[in-house]
Amino acid sequence: MRQPQGTIAFDDAALVAQTRSGDMRAYGTLVAKYQDRIYNLVCRMTGNTADAEDLAQETFMRALERLGQFRGRSKFYTWLFRIAVNLAISDRRRAGRVRFHSLTGPDEFEQTQAEQLTAHIAKRRAPAPDARSLAGERQKRVFDALDCLEDEFKIVVVLRDVEDMDYAGIADVLGVPVGTIKSRLHRARCILKEKLADLVE
């Protein structure tokens, strides 16, 4: 998996070791390194910024509490993502929320979350002056389609197509074989393609 833009280049193993020895500044560095990605992940899962802030904070608190259980058999960031995913799914099921929501308007980023998710099935082709309206409708269609996916399929789409995590990393986060990840992602994309067939040229 490529190094995400903005990720601070510190060795996680060294920072974990320093944290275990009582250096909370080291843990603060780990938080700074991953807080945006964890927040974005849980925000995409819950569709609620306030809930996402709480869940992101809880993720780092849980990770700190359980740091003694981290054996280093996986990478720290996949272990951290696993905690965040479990918290987000539990929160969604407990609250009965099953919708993904766009967290940004079309002007905030050059490529929106919806565009990232549908890059493989929907080419941007909205002519001015209706581009904004059509893009918004496409975005709504994408999220409506995502609503129909079960959590096990939704999470692989988010981790792979939004977080750009490789198959091995996703398998580590979810605790299932790579073959299962590929199968779930294929199934999820097939469902999305079917529901968004009219967006495909």
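The values are calculated or read from the model by the stated rules, or taken from the named source; none is laboratory data. Everything numeric here is computed off the predicted structure, so don't read it as measured data. All Cβ positions, even for glycine, are placed from backbone atoms using ideal geometry, and neighbour counts span all protein chains on display.
Key figures for this structure:
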read-out	value
Cβ-Cβ under 7 Å pairs, at least 6 apart or on other chains, region 1-24 side part of a loop (DSSP other than H, G, I, E, B), far side modelled with pLDDT of 90 or more and of a type outside the set (Lys, Arg)	Met1/Met165; Met1/Asp166; Met1/Gly169; Gly6/Asp36; Ile8/Thr29; Ile8/Ala32; Phe10/Thr29
Subset of region 60-87 (residues that are within 15 Å of Met45 (Cα to Cα), out of contact with any Leu (no Cβ under 6 Å at 6 or more places or on another chain) and free of Cβ contacts under 8 Å to residues at least 60 places away in the same chain)	Ile83, Asn86
Residue satisfying condition, being within 21 Å of Arg37 (Cβ to Cβ), at pLDDT below 90 and either not in a helix (DSSP H, G or I) or not assigned by TED's automatic domain parsing to the domain that holds Gly47 (or both), within set Leu159, Leu192, Leu146	Leu146
Tabulated pairs, region 177-188, first farther than 13 Å from Leu159 by Cβ and in the same structural domain as Tyr167 (by TED's automatic domain parsing), second modelled with pLDDT under 95 and not small (Gly, Ala, Ser), C-beta under 8 angstrom, 6+ apart or interchain	Arg187/Phe153
Residue match in region 116-128 (condition: at pLDDT 85 or above, crowded, with 20+ Cβ neighbours inside 10 Å and part of a helix (DSSP H, G or I))	no
Output for region 149-170, where each listed residue is over 14 Å from the mean Cα position of the chain (by Cα) and farther than 18 Å from Cys43 by Cα	Ala168
